[in-house]
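Notes follow once the structure below has been shown.
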Amino acid sequence: MLVPSSLELGPGAVDRYVISKQIVRMQETRRLSPDEMDERRIVYPESNNRALVNRFRDLRTRLLEKSGGNNFTMVVSGTKAGAGASFVALNLGAAFAFDQAKTAVIIDCNLREPSLHSTLDVLPEAGLTDFLDEPDLDISRILYPTGIPRLRLIPAGSRRENPGEFFTSFRMKQFLMAVRRRYPDRFIILDTAPVTESPDARILSEICDYAMLVVPHGGVTPSLVEDAAAAFNPKKFVGAVING
C-alpha cells in the first residue's frame, strides 16, 4: 500500500493559500548559525560553498521535475555503512526548505545506528519507535525543530535491534500518512540503514514514492552498486548519488 500523496491527487488538489499560512505559522524555536551550518556541512542559501549548494539545488530540481512539482516520500540509503546517506538525506531536506513555500521533514529510520539527532544537536524525548509503540502518542511529540527554517526532524527513538517489525506494520503506513497530512506540501525523506546490510530500506521503499542510493566515491565495486540498486523496485528507483 502506497501512502497517498499529491503525486496521486494531481495538480490543484491542495489549497496553496492554506499551505502558505501553515508554513508561516511554523515556529522556529532555534536556528543554527552560518558557522554551525558550515561545521556540519549543511547547505543553506547564503553558504560560501556554492559548489555544494548548487549540487543539492540541482538534485532537488531533478526530483521536482520527476514528481511534476508535487511533494513525495523518498527513501535514501547507502551501499554500505559510511557511504554518506545521512549527509545526502539531510542536505536534500535542507535544499527543499530553501523555498519559503515548502517544508521538509527528515525521518531517521536507521534504528540500529541513528545519527541525525546528534548532527543537529537535538535531544529527543521520543521518536519514531516510541510513536509506533504508543497509539496515543501525538505526532507533535516527535517532530523537532532542526535549527533550519522549515525543516523538521523525526528522530529514531528508542533503539531497536530488529526494526523490521516496525516498518512492516500498518501503523507505519498510518504514520507516514499523518506526517504528510500535517503539512500537505511537505517533502518527506527517510534516512535508512545501508540497503546491502539490512532489508529496512527495501521494505520502506514499498510504502514510499521513490528510493535513492548513495554511493561513496571509489569505495565500492560496480557489482555491489548494481546489487544495491536491484534491491529497489525499478519503478521507484530514481538513481544513485556519488558522494565524495
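For region 220-244, how many residues meet the condition of being part of a helix (DSSP H, G or I) and either open to solvent by less than 30 Å² (accessible area, probe 1.4 Å) or not small (Gly, Ala, Ser) (or both)?
So the count comes out to 7.
Taking region 210-236 on its own, how many of its residues are under 28 Å from Ala97 (Cβ atoms) and either in contact with a helix residue (DSSP H, G or I) (Cβ under 6 Å, 6 or more places away or on another chain) or among the basic types (Lys, Arg) (or both)?
Of the residues in region 210-236, 7 are under 28 Å from Ala97 (Cβ atoms) and either in contact with a helix residue (DSSP H, G or I) (Cβ under 6 Å, 6 or more places away or on another chain) or among the basic types (Lys, Arg) (or both).
If you take the residues of region 182-219 that are in contact with a Gly (Cβ under 8 Å, 6 or more places away or on another chain) and assigned to a helix (DSSP H, G or I), which of them is most open to solvent (accessible area, probe 1.4 Å)?
Ile203
Would you point out the residue of region 124-176, among those that are of a type in the set (A, V, I, L, M) and part of a loop (DSSP other than H, G, I, E, B), that is surrounded by the fewest Cβ atoms within 10 Å (Cβ to Cβ)?
So, considering only residues that are of a type in the set (A, V, I, L, M) and part of a loop (DSSP other than H, G, I, E, B), the one surrounded by the fewest Cβ atoms within 10 Å (Cβ to Cβ) is Leu137.
Cβ-Cβ under 8 Å, sequence separation 6+ or interchain: first residue in region 191-204 and in contact (Cβ under 8 Å) with a residue 12 or more places away in the chain, partner aromatic (Phe, Trp, Tyr). Which pairs?
Pairs found: Val195/Phe232; Asp200/Phe167; Ala201/Phe232; Arg202/Phe232; Ile203/Phe167; Leu204/Phe167.
Do any helices (runs of 4 or more DSSP H) lying entirely in region 50-123 carry at least 1 residues that are open to solvent by 50 Å² or more (accessible area, probe 1.4 Å), and which ones are they?
Result: 50-67, 116-119.
Just to be sure I understand, how many residues within region 28-48 are assigned to a loop (DSSP other than H, G, I, E, B), open to solvent by 20 Å² or more (accessible area, probe 1.4 Å) and without any contact (Cβ under 8 Å) to a residue 40 or more places away in the chain?
Count: 3.
Does region 104-114 contain at least one residue that is out of contact with any Phe, Trp or Tyr (no Cβ under 7 Å at 6 or more places or on another chain), free of Cβ contacts under 8 Å to residues at least 40 places away in the same chain and not hydrophobic (A, V, I, L, M, F, W, C)?
Taking every residue of region 104-114 in turn, none turns out to be out of contact with any Phe, Trp or Tyr (no Cβ under 7 Å at 6 or more places or on another chain), free of Cβ contacts under 8 Å to residues at least 40 places away in the same chain and not hydrophobic (A, V, I, L, M, F, W, C).
Of everything in region 9-54, what is modelled with pLDDT under 95, of a type in the set (Lys, Arg) and farther than 19 Å from Thr146 by Cβ? Give them in sequence order.
Within region 9-54, Arg16, Lys21 meet the criteria.
The values are calculated or read from the model by the stated rules, or taken from the named source; none is laboratory data. All values derive from a computational prediction rather than experimental measurement. Glycine gets a Cβ as well: all are built from the backbone with ideal geometry, and neighbour counts include every protein chain shown. Ligands, DNA and RNA are stripped out before the accessible areas are found, and what is left, the full protein with its side chains, is counted by its heavy atoms. Shrake-Rupley method; radii C 1.70, N 1.55, O 1.52, S 1.80 Å.
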